[in-house]
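The numbers here are math on the coordinates, done by the rules we state, and not lab data. Just so you know, these numbers come straight off a predicted model, no measurement behind them. In this analysis, Cβ positions are derived from the backbone assuming ideal geometry, glycine residues included, and neighbour counts consider all displayed protein chains.
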């Protein structure tokens with residue numbers, strides 16, 4: 001339980017600071033840190049991430065940093081495809097899922113290290129409105145991709161949602177972070193429902209992990225504006241690379257561990 005509390009706090013802190021990203025560490029933390037089997041770690045991760053994101057978004061609601069219509073369209077598309085991702089997850093060997101997860105972590109880390117250009121896309125108009133003619137199809141397409149990965153790997157998808165909102169849809173970074181947290185909640189709920197019948201969730205571990213993550217996310221969300229975001233993203237990317245390498249080594253050394 002001590003491991004669950006410590007790792008949960010870490011996940012929550014990263015989620016609160018970056019508006020996503022912490023969830024990508026939740027599955028390996030639950031598998032290798034807490035000792036859960038993969039089929040239990042995936043729904044537990046989604047439960048933890050969803051509740052932590054809900055807590056982290058509260059300070060941003062008061063600041064008006066959520067674009068609700070974009071979050072609804074993006075999240076609804078993802079909620080549907082999360083069930084498809086969960087179905088594919090059931091067909092794959094757990095080792096393949098973990099290796100695929102590690103590959104996705106490396107891709108996410110590389111993306112975090114790249115400098116992001118100015119806003120583009122179709123969803124942000126100068127007056128603060130939304131150009132739905134261009135925004136709607138892109139929101140649906142991006143939501144479908146992120147939702148599928150949510151169901152497949154048990155991640156909230158913030159590391160994909162934020163660049164999609166900023167670079168593809170054109171939302172300002174502060175609004176993208178708040179909107180991402182709402183989308184993560186929607187995707188996590190859908191993914192959890194899709195996986196809930198696959199195994200028995202240890203709700204004691206889940207509760208401890210989630211409580212620590214919520215506390216971490218609330219504290220981190222309050223101090224996020226005072227910290228250098230670029231440096232945080234860079235160090236988080238390095239951490240993701242280390243965890244990805246650890247997952248691959250564990251799968252190779254203990255092929256039956258999944």
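Convex hull volume per residue, computed on the Cα atoms of the stretch 1-83, equals 89 Å³. Ranked by how many other Cβ atoms sit within 10 Å of their own Cβ, fewest first, the residues 105, 173 fall in the order 173, 105. Per the Kirkwood definition applied to all pairs of different Cα atoms, how many angstroms is the hydrodynamic radius of the stretch 133-247? Final number for the Kirkwood radius of the stretch 133-247 is 16.1 Å. All distinct Cα pairs of the stretch 2-253 go into the 1/r average, and the inverse of that average, the Kirkwood radius, is 17.6 Å. Taking other Cβ atoms within 10 Å as a rough exposure proxy, 253, 165 sort from fewest to most as 253, 165. Per-residue extension of 0.36 nm, minus the Cα-Cα distance of residue 167 and residue 114, leaves a gain of 17.8 nm for this segment. Neighbour counts of other Cβ atoms within 10 Å put 44, 200 in the fewest-to-most order 200, 44. Multiplying the residue separation of residue 103 and residue 84 by 0.36 nm and removing their Cα-Cα distance gives an extension gain of 4.8 nm. Taking every C-alpha pair closer than 8 Å and separated by at least 6 residues, the mean separation divided by the residue count of the stretch 2-253 gives a relative contact order of 41 percent.
Here the peptides 190-199, 24-33 are ranked by packing, the mean other Cβ count within 10 Å, and the order with the highest first is 24-33, 190-199.
Consider a paramagnetic label point 7 Å from the Cα of residue 222 along Cα→Cβ; state which residues of the stretch 40-70 have an amide N under 19 Å from it. In the stretch 40-70, the label zone of residue 222 (backbone N under 19 Å from the point 7 Å along Cα→Cβ) covers 52-65.
Between the beta carbons of residue 91 and residue 203, assuming R0 = 30 Å, the FRET efficiency works out to 0.65 to the nearest 0.05.
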